[in-house]
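Below: one structure, written as structure tokens.
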Amino acid sequence: QQQVKQSPQSLIVQKGGISIINCAYENTAFDYFPWYQQFPGKGPALLIAIRPDVSEKKEGRFTISFNKSAKQFSLHIMDSQPGDSATYFCAARVGGSYIPTFGRGTSLIVHP
Amino acid sequence: DVKVTQSSRYLVKRTGEKVFLECVQDMDHENMFWYRQDPGLGLRLIYFSYDVKMKEKGDIPEGYSVSREKKERFSLILESASTNQTSMYLCASSSSGGELFFGEGSRLTVL
């Protein structure tokens with residue numbers, strides 16, 4: 001049973017477009033929602049994270065939108081660039097735990 | 001600069017061989033993790049450790065064991081490698097409540 005469902009599995013976007021990756025969860029005890037970015041040949045690295053007391057967090061071209069009532073959160077990449085091509089993982093963590101539950105990942109390709 | 005180092009980037013082993021994957025972190029983190037990454041299945045937790053000599057099973061511990069004799073080092077052991085253990089293995093560390101820092105991965109092929 002997937003506790004964090006991520007979609008789509010793969011995404012192709014043209015340079016300058018908006019990339020949107022969605023995640024949904026069931027466990028209402030989750031209270032920390034990080035996104036990790038993984039480039040080919042590298043390990044994942046924290047990109048941006050949000051707590052459920054805010055509905056949106058923006059860092060440069062990357063924005064997390066959070067809908068607590070729908071138990072959904074999404075990553076938006078504005079003005080997508082070829083250098084954004086990577087695998088993106090959403091995750092969720094219960095308060096007091098140090099172990100995140102990961103989504104299955106989205107492979108993003110941004111065409112020049 | 002924080003660092004998680006996995007000693008072997010690529011390994012090729014034969015079925016039945018014993019395999020050791022080593023991971024060292026230089027951040028004095030309490031927690032260390034071993035994940036397996038397969039296409040379409042994401043990151044699956046094999047084992048984790050929250051202190052020296054302490055270990056807990058993750059979601060897919062079967063066929064694996066771990067060792068943590070020192071705080072900075074966490075080893076993954078495949079007692080008798082099988083072809084279905086061909087995968088990318090990722091080590092990570094974290095402080096309590098903190099983000100995970102991952103190594104670059106060890107790609108294991110079992111023939």
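The values are calculated or read from the model by the stated rules, or taken from the named source; none is laboratory data. Fair warning: this is a prediction, and the values are worked out from it, not measured in the lab. Positions of Cβ are backbone-derived with ideal geometry, glycine not excepted, and every protein chain shown enters the neighbour counts. Remember, those area values only see protein heavy atoms, side chains included, never the ligands or the DNA or RNA. Shrake-Rupley method; radii C 1.70, N 1.55, O 1.52, S 1.80 Å.
Within segment B:71-111, restricting attention to residues that are part of a strand (DSSP E or B) and facing another protein chain (nearest Cβ under 10 Å), which residue is most open to solvent (accessible area, probe 1.4 Å)?
Keep residues of segment B:71-111 that are part of a strand (DSSP E or B), which gives B:73-78, B:87-94, B:101-102, B:106-110.
Now restrict to residues that are facing another protein chain (nearest Cβ under 10 Å): B:88, B:90-92, B:94, B:101-102, B:107.
Details: B:Met88: 31, B:Leu90: 0, B:Cys91: 0, B:Ala92: 0, B:Ser94: 0, B:Phe101: 57, B:Phe102: 26, B:Arg107: 112 Å².
It comes out as B:Arg107.
Among the residues of segment B:81-111, what is the count of those that are at pLDDT below 95 and of a type in the set (Ser, Thr, Tyr)?
Number satisfying all stated conditions: 3.
A:Pro52: at pLDDT below 95, touching a Ser or Thr at 6+ places or on another chain (Cβ under 9 Å) and not in a strand (DSSP E or B), yes or no? Write out each step before concluding.
On the way: at pLDDT below 95: yes; touching a Ser or Thr at 6+ places or on another chain (Cβ under 9 Å): no; not in a strand (DSSP E or B): yes.
Spelling it out, it is not the case that A:Pro52 is at pLDDT below 95, touching a Ser or Thr at 6+ places or on another chain (Cβ under 9 Å) and not in a strand (DSSP E or B).
Yes or no: B:Lys57 basic (Lys, Arg), at pLDDT below 95 and open to solvent by 50 Å² or more (accessible area, probe 1.4 Å)?
On the way: basic (Lys, Arg): yes; at pLDDT below 95: no; open to solvent by 50 Å² or more (accessible area, probe 1.4 Å): yes.
In short, no.
Residues being touching a residue at least 60 places away in the same chain (Cβ under 8 Å), among the aliphatic types (A, V, I, L, M) and within 14 Å of chain A (Cβ to nearest Cβ): count how many of those fall in segment B:1-55.
Residues that pass the stated criteria total 5.
Could you tell me how many of the residues in segment A:18-38 are assigned to a loop (DSSP other than H, G, I, E, B), in contact with a strand residue (DSSP E or B) (Cβ under 8 Å, 6 or more places away or on another chain) and of a type outside the set (A, V, I, L, M, F, W, C)?
If we filter segment A:18-38 for residues that are assigned to a loop (DSSP other than H, G, I, E, B), which is where we start, we get A:18, A:26-29.
Keeping just the survivors that are in contact with a strand residue (DSSP E or B) (Cβ under 8 Å, 6 or more places away or on another chain) gives A:18, A:27, A:29.
Now drop any that are not of a type outside the set (A, V, I, L, M, F, W, C), which leaves A:27.
Number of matching residues: 1.
I want to confirm something. Restricting to segment A:6-17 and keeping residues that are open to solvent by 90 Å² or more (accessible area, probe 1.4 Å) and either touching a Cys at 6+ places or on another chain (Cβ under 7 Å) or part of a loop (DSSP other than H, G, I, E, B) (or both), which single residue is farthest from B:Glu104 (Cα to Cα)? Spell out the reasoning first.
Narrowing segment A:6-17 to residues open to solvent by 90 Å² or more (accessible area, probe 1.4 Å): A:9, A:12, A:14-15.
Within this subset, residues satisfying the condition of being either touching a Cys at 6+ places or on another chain (Cβ under 7 Å) or part of a loop (DSSP other than H, G, I, E, B) (or both) are A:9, A:15.
Details: A:Gln9: 22, A:Lys15: 27 Å.
Within segment A:6-17, the match that is farthest from B:Glu104 (Cα to Cα) is A:Lys15.
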